[in-house]
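Since the structure comes first, as structure tokens, the remarks are kept for the end.
The values are calculated or read from the model by the stated rules, or taken from the named source; none is laboratory data. These numbers come from a predicted model, not from an experiment. Quick reminder, even Gly has a Cβ in these numbers, built from the backbone with ideal geometry, and neighbours come from all protein chains shown.
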Amino acid sequence: MNAPLQAIRGMNDVLPEEAALWLGFEAAAQAWLERWGYRNIRMPLVEHTALFRRAIGEATDIVEKEMYSWRDELNGEELTLRPEGTASCVRAAIEHNLLYDGPRRLWYAGPMYRHERPQKGRYRQFHQYGAEALGFPGPDVDAELIVMCARLWQQLGLEGLRLELNTIGSPEERARYRADLIGHLEANRDRLDADAMRRLHANPLRVFDSKNPLVQDVVARAPDMMKYLGEASLAHFEGLQKLLSVAQVDYAINPKLVRGLDYYNLTVFEWVSDRLGAQGTVCGGGRYDGLFALLGGKPAPAVGFAMGCERLVVLLKEAGRAPLLRSPDAYVLHQGAGTLEFAFGVADALRASGYTVIQHAGGGGFKSQMKKADASGAALALIVGEDELRAGEVTVKPLRDARAQVRVPRPAIVGRVSEFLKGG
């Protein structure tokens, strides 16, 4: 006998009970994005590997260690399962000239893939909702995206999420800062681990992401990036903070927050929870004004975020949010020769009128069928036996109250079910 196969480690099944909570979250998220004027875009799961190497950066953990990449034997192309959505969204905007008539607000959702060590809230296949505002240069849209998130947390009843905010300036300002940061790290190289040493010259800002206490101590004494910012960058950051104050969104400035992707500039932010252990970030984003040009498009400003669905679902569970389950309106039972066809037509007519109906399948007597009807949570049992079939009727039996059951002619069943569900 063959051993049963299991899901790939870090790529999890979402079973029906938990999926109900996911569906409720997804419905809320999609309605929320539409209220803010964002339109849906859908990108492929597989992209050319060069897209992510160019956009995310060669010296990032994602590109160096985490991407699922392979060479397509049919045509020799280097391909990758997408590890994030922003690069794909910008690639699509360039390819289809989406900004030809002005800026765009876009959103997407779906699975992403990174070969990480699975743990609570961190999986190899994970799901994100992302929003990208393309073609907008000012801090007003940075603030819009951050306030959007704050309002969603309120709508979902999530507490304890805090906003961390920083600015990493322009590429030119960052280059000056980078030179001094390298000098600081070089002076403390005896306290750097192998990862920090590898990044020291290739991408020193990534050293801020280290979890090694010795490296964190070195980073804590690094130069202050704010002192390297010019007038325009400071004005952008000050404008963002003013708008967040207007919206009464609290935040803390974290000068070591740089985000894990190379394409960011100016604003970077994260929404963080203390309830998820080491994987505390549930939503992160920032501005990436240079990405369009980096990917071969006409230069355009842009800003966006992505939120982790698995982590938010964990927080919804901990907050006691019940799945948004809708019990069926009716459960249709049948027994006897010819009753299946009659019952099948009754169920179909009710569904066509907008009701949620479960048609019993699998046989069994009325007693066992009634147990299943009751367990389904349905408000009504609709019974078709041989007596009902001969009379052209359906017995309607309320399951959630003491009202008496009645026999209803088949042509009147839709209207009578409506009356019962309204309490009549």
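When each of 114, 54, 91 is tested for being of a type outside the set (Val, Ile, Thr) and either touching an Asp or Glu at 6+ places or on another chain (Cβ under 6 Å) or loosely packed, with under 15 Cβ neighbours inside 10 Å (or both), the lone residue that passes is 114. May I ask you to verify whether residue 84 is in a loop (DSSP other than H, G, I, E, B), assigned by TED's automatic domain parsing to the domain that holds residue 140 and within 20 Å of residue 29 (Cβ to Cβ)? So residue 84 fits the description; yes.
The rows are residues; the columns are (1) under 33 Å from the mean Cα position of the chain (by Cα); (2) within 21 Å of residue 60 (Cα to Cα); (3) hydrophobic (A, V, I, L, M, F, W, C).
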residue: 182; (1), (2), (3): no, yes, yes
residue: 185; (1), (2), (3): no, yes, yes
residue: 193; (1), (2), (3): no, yes, no
residue: 203; (1), (2), (3): yes, yes, no
residue: 212; (1), (2), (3): yes, yes, no
residue: 223; (1), (2), (3): no, no, no
residue: 227; (1), (2), (3): no, no, no
residue: 233; (1), (2), (3): yes, no, no
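With respect to residue 211, is the statement that it is within 30 Å of residue 150 (Cα to Cα) and not assigned by TED's automatic domain parsing to the domain that holds residue 62 true? In short, yes.
Quick grid of which residues meet (1) under 13 Å from residue 329 (Cα atoms); (2) of a type in the set (Gly, Ala, Ser):
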{"position": "363", "(1), (2)": "no, yes"}
{"position": "366", "(1), (2)": "no, no"}
{"position": "384", "(1), (2)": "no, no"}
{"position": "394", "(1), (2)": "no, no"}
{"position": "401", "(1), (2)": "no, no"}
{"position": "405", "(1), (2)": "no, no"}
{"position": "416", "(1), (2)": "yes, no"}
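Among the residues of region 40-57, those that are in contact (Cβ under 8 Å) with a residue 40 or more places away in the chain and part of a helix (DSSP H, G or I) comprise 51, 54, 55, 56. Counting the residues of region 231-259 that are surrounded by fewer than 18 Cβ atoms within 10 Å (Cβ to Cβ) and either acidic (Asp, Glu) or modelled with pLDDT under 90 (or both) gives 6. Whenever a residue of region 245-268 is assigned by TED's automatic domain parsing to the domain that holds residue 147, its partners that are surrounded by fewer than 13 Cβ atoms within 10 Å (Cβ to Cβ) and at pLDDT below 95, lying with C-beta atoms within less than 7 angstrom and at least six residues away or across chains, give the pairs 255/224; 265/171. Of the residues in region 30-39, at least one is small (Gly, Ala, Ser), farther than 21 Å from residue 296 by Cβ and not in a loop (DSSP other than H, G, I, E, B).
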